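Okay, structure first, notes after.
Quick note: the coordinates plus some simple rules give every number you see, no bench work behind them. A quick note: this is a predicted structure, and the numbers were derived from the prediction, not measured. Backbone-built Cβ (ideal geometry, glycine too); neighbour counts: all protein chains shown.
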Amino acid sequence: MKSLLSILNNTRIRSIGYQVITLSLVVLFFAFIINNASSNLVEQGIASGFDFLNSTTGFDIASSLIHYDSSSTYLRLFNAALLNTLLVSFISIIFATIIGFSVGIIRLSNHPIASRIAAAYVETLRNIPLLLQVFFWYFAVLQPLPSPRASIDFFNLVFLNNRGLHLPSPELSGHVGLFFSVVIISALLLLYWYKQSKKYRISKGRNRNKSWWYWRVIPLLAVSLAIYNAANIGVNWSLPELTGFNFEGGGVITPEFFALFIALSTYTGAYIAENVRSGIQSIDKGQVEAARAIGLSPFNIMRFIIIPNAMRVIIPPLTNQYLTLTKNSSLAAAIAYPDIVLVFAGTALNQTGQAVEILLMVMLVYLFISLVIALLMNIYNKHFLLIER
Amino acid sequence: MRTITASFLFSASLLLMPTAFASTLDTVKDRGSVKCGVTNGLTGFSNPDKQGNWEGMDVDVCRAIAAAVLGDASKVTYVPTSSKTRFTALQTGEIDILSRVTTWTLSRDSKLGLNFAGVNLYDGQGFMVRKDLGIKSAKELNGASICMNTGTSTETNIADFFSANNLNYKTVLFEKSSEVASAYDLGRCDVYTSDKSGLAAQRLKMQKPDDHIILEETISKEPLGPAVRHGDDEWFDVVKWSLMALIEAEELAITQSNIDTFKNTKNPRIARFLGTSGENGKNLKLAPEWSANIIKAVGNYGEIYARNVGEKSQLKIPRGLNKLWSDGGILYAIPLH
Amino acid sequence: MTTPFNNNSRYKKSRYQQWYEALFGSKINSVLTIASLYFLYVTIPPMLNWAIFEANWLGSNASDCNSSGACWVYISVWWQQLLFGQYPSEELWRLVLCSGLFIILLTALILHKRLRAPLPKRLLLISTLLYPFIAFALMYGGFFGLAIVETRFWGGLFLTLVIAVVGITTSFPLGLLLALGRQSTLKIVRLFCIGFIELWRGVPLITVLFMASVMFPLFMPQGVNVDSLLRVLVGVSLFAAAYMAEIIRGGLQAIPKGQYEAAKATGLSYWQAMFMIILPQAITLVIPGIVSAFISLIKETTLVYIIGMFDFLGIVQFTASNSEWIRYTKEGYIFVGLVFWVICYSLSRYSRTLEQKPSNQH
């Protein structure tokens, strides 16, 4: 009895015991649900497995960045829907950041009216459910727009109606891939040279000679021009044109995309504005006074003192906002934007009936996106921390 | 530690023991009510009024079954389901019968673990457009934007129809029919496609119903019917034959109002129907007057049709295929004996 | 450019001068002034016109709304559905009683320290612990001869609040365990907690709700049926627990190491140290965080509409399927938005006052 007690009181044994219990509980739980699910599926004759990914879908979706039609497979549908999710998230993140920073800064300004409007904006948007805002924007955007035949047109190039904003879009011909890789490589080279010259300036205290630049930029330009010629790039503008019911040709921004994008970026912008505000407020006043004392202009104080300092405080919550925005893009399901939740966890799930497989795929995708954004922002954050001296 | 682990394994094995499904018929009799999966609200099929009383074609099917099994058509528990949750609700026993404008297809019958017990409405997919577009035929719809519900057979039908006719189109898909209707009404789409009966119901909800027409063409077969769980034949039979009883009654010209006048009938078919002779009730494990109860509660097929979607309703959908075989339709009751 | 730091107060200026400088002191300020005045001019008068001056206030059906303004008749016709869903009218007193008790309890909890003779702690504790059971008995029925009201009749603001309150309350103990587990020295426990937390935090609530409505049922043994609201509640609680765990972890990390060491030195066991020393301090620190988690949860609860439940927002959509009222859903949206705003804004003010109050408990 005594020995048993002493064993129980031994911390190492106890900790192993706890872990064994946790592990067995987890294993049992999964065994329980997997067993139930498989017996349910088998006994009721419900199809299972991932074979459906290779079968054709038989239906269309509203818009897609890659080629997709009703003879494509479910796997391709998955990719197309995923790209739509990423597209709306990416663009909304950019605009939410712009809105957030401007509103946050205006809110802290000494302008009596503007700062109050900014405060009202933040407090209104943050306290109303996003789903309601998405509905509002969708129907508010849709209602006043005219039908395609009565489109509002700008110079006969851009048309606005309740099917969306129709824009001319360039169609490139020739060796497009080659051309773009040259553009990207040149941009990277220029960035690299810029960094090098900055390093030089910091260590030597003077700028590089102009000739140093000439020797690099002119050959680069020459090579790029030569490749451009060789690639034989032709630009053919595809113009939107009213044929029958709708505009054909050109690109289109659909009302669904627009409503989701506006709702996501204004809502998240309000949160980012608060992060920016608290970031700026966390800065030591002495820094700003010092900057003013050495004669920096207000704009330069913002640019060189406040923003870089505040960024360190802002970035961690900013990451969170980006993650939240990406997850919130799933509200597309409410307004017909073909994202992964509407198309894959919606249509595909209903057509195939394979709820378990499809929902697992969708959840894993979001998990993966979250982890990637977290990773990227961690790297960026480290960069900001490193230059701290 | 060992005892702990052992007791865990023991309790786990208890949890994991497969519990057999009790037969649905017995469950329903014990519970005293039929759990019926319906829509969230579709005029003519299953629609709650402001007091929460359900009415419609699909609702009457459930009421008929409650009358047959329990002798009381009001003993139905309505469970609103969405197009996404409907099959799961049936598979997992949340509902006993799915009566929710659901199209009978091979893949649903085989892959989803359910059985369709018959057809209560032969419908087909159609198109609704604005009158001022001046369109007469679906073949003129090249390049149109089309609003529809996601998760239904309409999506695949549309893709088939447009590619077969070499036409272009753009889809706008919504989860809920109320959103499809408002988006179409606001002009987001040129065309609203759905089952024709559903279109007739949605047309009434437009701001100006008269501005919209439903095109003549029908591009698909949509046999709508109630479904039950796969593998419970007893219950499957009850639902199947309750549907047949509705049609049989119309063939025999038995209605809700005249059923009592047949009491002393000499016609053996009617006598079997009323349960005064034969063993129909016993074979189905139901009361002998099961089919008479159905008619007393909801009327025969023709009455149900007229009341909910036909000439006596707002929808006024012509009976078409849903006439009796003897009148040129395809309704045909399998003999009840 | 205006900077957030305005320290031009070396000499006193008249009020007028201050205003002038703020409005037109620099080019940018002047532009801001004109732009914001124009913005107010464009938005405020038409809004007031629509919402108040030209609105229809009285009537009993949609045809009473004949002027160009808002149709507030909508609210007076649908208020019962908006607040309580399809809950039977003759049983409504139960919900009213329930919310009355809730308000009394909440006031007692907030005020009891300020009362001259504070309420006995035990009474308060017991009534707090009892409340959920009483509330459930009242809402669902089946006890004391109350008729059962099945959860599919629950709806409106009532359902929204039930989901949010149950979600936040059940997520607290779960989140606490997860937070402790994440800090634990036991490797498997820690890994499990990290995995659990990151999994739920990485996915959107809507997928969790889809899971609750179409996947959970398949995970149950055959023949076992779980009420659809209960499934949603389980999903929401697990989801909220992951966020709660991270909030509580923040509090745990803010407690100085010395406290942990001192507790250990006095011979307290892990659980004693946690419950007597660490957690009371940590939880006081994170109350504002919990309130904001509650705010987000209230807002996110609207997503249950997508899986077909008639919550506060869902009722507005439901009225849209009624041809008479379909044109007035805008009023419904605005009403719902306003109510959400009042609830969330007052909660956030409350959490801000908590933040500003110095913790003087220890």
> Check B:Glu55: other-chain or 5+ apart residues with amide H under 5 Å from its amide H, H built from backbone geometry?
Replying inline: B:Asn47, B:Asp49
> Efficiency by 1/(1 + (r/R0)^6): what FRET value for B:Ala164 and B:Ile334, r their Cβ-Cβ distance, R0 = 30 Å, to the nearest 0.05?
Replying inline: 0.30
> Taking 1 over the mean of 1/r across every pair of different Cα atoms in segment B:291-337, what Kirkwood radius in Å do you get?
Replying inline: 11.6
> Ordered by residue, what ³J(HN,Hα) values in Hz, to whole numbers, does segment B:144-149 give under the Karplus form 6.51 cos²θ - 1.76 cosθ + 1.60, where θ = phi - 60° and Gly and Pro are x?
Replying inline: 6, 8, 10, 8, 7, 7
> Dividing the Cα radius of gyration by the Kirkwood radius, what Rg/Rh value follows for segment A:132-219?
Replying inline: 1.33
> Using modelled amide H (1.01 Å from N, peptide plane; none on Pro or chain starts), what sits under 5 Å from the amide H of B:Phe127, excluding residues fewer than 5 places away?
Replying inline: B:Leu215
> For the cross-link pairs B:Lys84/B:Lys170; B:Lys139/B:Lys316; B:Lys75/C:Lys330; A:Lys210/C:Lys27; B:Lys111/B:Lys282, which exceed 29 Å when the distance is taken from alpha carbon to alpha carbon?
Replying inline: B:Lys75/C:Lys330; A:Lys210/C:Lys27; B:Lys111/B:Lys282
> In 20 Å bins starting at 0, how do the alpha-carbon pair distances of chain B split up by percent?
Replying inline: 29, 51, 17, 2, 0
> What base-10 log of the normalised intensity I(q)/I(0) is obtained for segment A:173-232 from the Debye formula, alpha carbons as equal point scatterers, at q = 0.12, 0.13, 0.14 Å⁻¹?
Replying inline: -0.38, -0.43, -0.48
> Roughly how big is chain B's charge dipole about its Cα centre, with Cβ charges of +1 (Lys, Arg) and -1 (Asp, Glu), in debye to the nearest 20?
Replying inline: 300
> In a solvent-free Debye calculation with one equal scatterer on each Cα, what is log10 I(q)/I(0) for segment A:237-389 at q = 0.08, 0.20, 0.21 Å⁻¹, listed in the order of the q values?
Replying inline: -0.41, -1.21, -1.26
> For C:Leu138, what charge total do you get from the other residues with a beta carbon under 12 Å from its beta carbon, if Lys and Arg give +1 and Asp and Glu give -1?
Replying inline: 0
>> Based only on other Cβ atoms within 10 Å, what is the fewest-to-most ordering of A:Val26, A:Val343?
In response: A:Val26, A:Val343
> Among B:Lys240, C:Lys113, B:Lys196, which comes first, second and so on when ranked by fewest other beta-carbon atoms within 10 Å?
Replying inline: C:Lys113, B:Lys240, B:Lys196
>> Starting from 0.36 nm per residue, how many nanometres of slack lie between A:Ile202 and A:Asn300 once their C-alpha separation is accounted for?
In response: 33.3 nm
> Which residue, C:Ile295, C:Ile126, C:Ile307, has the most motion in a Gaussian network model of chain C that connects Cα atoms within less than 10 Å?
Replying inline: C:Ile126
> Short version: what are the Cα gyration tensor semi-axes of chain A, square root of 5 times each eigenvalue, largest first, in whole Å?
Replying inline: 42, 38, 27
>> Let's test the formula: R0 of 30 Å, r as the Cβ-Cβ distance of A:Ile21 and C:Met276. What FRET efficiency results, to the nearest 0.05?
In response: 0.80
> Seen from all sides and averaged, what is the projected area of the convex hull of the Cα atoms in segment B:125-220, in nm²?
Replying inline: 5.2
> Can you give the Kirkwood hydrodynamic radius of segment B:37-85 from its Cα pairs, in Å with one decimal?
Replying inline: 10.9
> Given labels modelled 7 Å from the Cα in the Cβ direction, how far is it in nm from A:Gln281 to A:Ala230?
Replying inline: 5.9
>> Kirkwood hydrodynamic radius, the protein assembly as shown, all distinct C-alpha pairs: what's the number in Å?
In response: 33.3
>> Taking the beta-carbon count within 10 Å as an exposure proxy, list A:Arg216, C:Arg116 from fewest neighbours to most.
In response: C:Arg116, A:Arg216
> Considering only C:Ala265, C:Tyr305, C:Val214, whose Cα is most displaced toward the positive end of the charge dipole of segment C:155-356, charges sitting on Cβ of Lys, Arg (+1) and Asp, Glu (-1)?
Replying inline: C:Ala265
> If packing is taken as the mean number of other Cβ atoms within 10 Å per residue, what is the order of C:251-262, B:65-76, B:184-195, highest first?
Replying inline: B:184-195, B:65-76, C:251-262
> Magnitude of the Cβ-charge dipole of the protein assembly as shown, K/R +1 and D/E -1, about the Cα centre, nearest 20 debye?
Replying inline: 5740
> For segment C:155-356, what percent of Cα pairs sit more than 21 Å apart?
Replying inline: 61
> Helix-derived [θ] at 222 nm for chain A: sum -39500 (n - 2.57) over DSSP H runs of at least 4, divide by residue count, nearest 500?
Replying inline: -22000 deg cm²/dmol
> R0 = 51 Å: FRET efficiency of A:Arg292 with C:Leu354, Cβ-based, nearest 0.05?
Replying inline: 0.90
> For chain C, can you list the cysteines whose C-beta has no other cysteine C-beta under 4.7 Å from it?
Replying inline: C:Cys98, C:Cys193, C:Cys344
>> Please compute, for the alpha-carbon atoms of segment C:290-339, the extent along each of the three principal axes and give them in descending order in Å.
In response: 42, 23, 9
> Expressed as a fraction of 2.2 N^0.38 Å, the rule-of-thumb size for a compact globular protein of N residues, what is the C-alpha radius of gyration of chain C?
Replying inline: 1.25
>> Skipping prolines and chain starts, which residues have an amide H placed within reach, meaning under 5 Å, of the one on A:Val252, given they are 5 or more residues away or on another chain?
In response: A:Leu167
> Along the positive direction of the dipole of chain B (beta-carbon charges: Lys, Arg +1; Asp, Glu -1; about the Cα centre), which of B:Asn258, B:Ser291, B:Gly143 reaches farthest?
Replying inline: B:Ser291
> Quick one: net charge of C:Phe172's neighbours, Cβ under 14 Å, K/R +1, D/E -1?
Replying inline: 0
>> So if I restrict to the alpha-carbon atoms in segment C:87-149, what is the Rg, and what is Dmax, the biggest pairwise distance, in Å?
In response: 14.0, 42
> What is the sum of charges around A:Ile106, taking Lys and Arg as +1, Asp and Glu as -1, for the other residues whose C-beta is under 15 Å from the C-beta of A:Ile106?
Replying inline: +1
>> Tell me which of B:Ser220, B:Gly52, B:Gly71 sits at the most positive position along the dipole axis of chain B, charges placed on C-beta atoms (Lys, Arg +1; Asp, Glu -1).
In response: B:Gly52
> Tell me, what HN-Hα J-couplings in whole Hz come from the Karplus equation 6.51 cos²θ - 1.76 cosθ + 1.60 at θ = phi - 60° for each residue of segment A:164-180, using x for Gly and Pro?
Replying inline: x, 9, 9, 10, x, 10, x, 10, 8, 10, x, 7, 5, x, 4, 4, 5
>> Taking θ = phi - 60°, what integer Hz values does the Karplus form 6.51 cos²θ - 1.76 cosθ + 1.60 yield along segment A:274-286, in sequence order, with x for Gly and Pro?
In response: 5, 4, 5, 4, 5, x, 5, 5, 7, 7, 4, 4, x
> For the pair B:Lys139 and A:Ala150, how long in nm is the line joining their label points, each one 7 Å along Cα→Cβ?
Replying inline: 3.2
> Which whole number in µm²/s is D for segment B:195-323 by Stokes-Einstein, with the Kirkwood Rh taken over Cα pairs at 25 °C and 0.890 mPa s?
Replying inline: 145
> How large is the charge dipole for chain A, taken about the Cα centre, if only the Cβ atoms of Lys, Arg (+1) and Asp, Glu (-1) carry charge, to the nearest 20 debye?
Replying inline: 2580
> Could you give the nm distance between label points at B:Gln207 and C:Val96, where each point is 7 Å from its Cα heading toward the beta carbon?
Replying inline: 3.9
> So between C:Leu191 and C:Arg114, what do we pick up on full extension, going 0.36 nm a residue minus the alpha carbon distance?
Replying inline: 23.3 nm
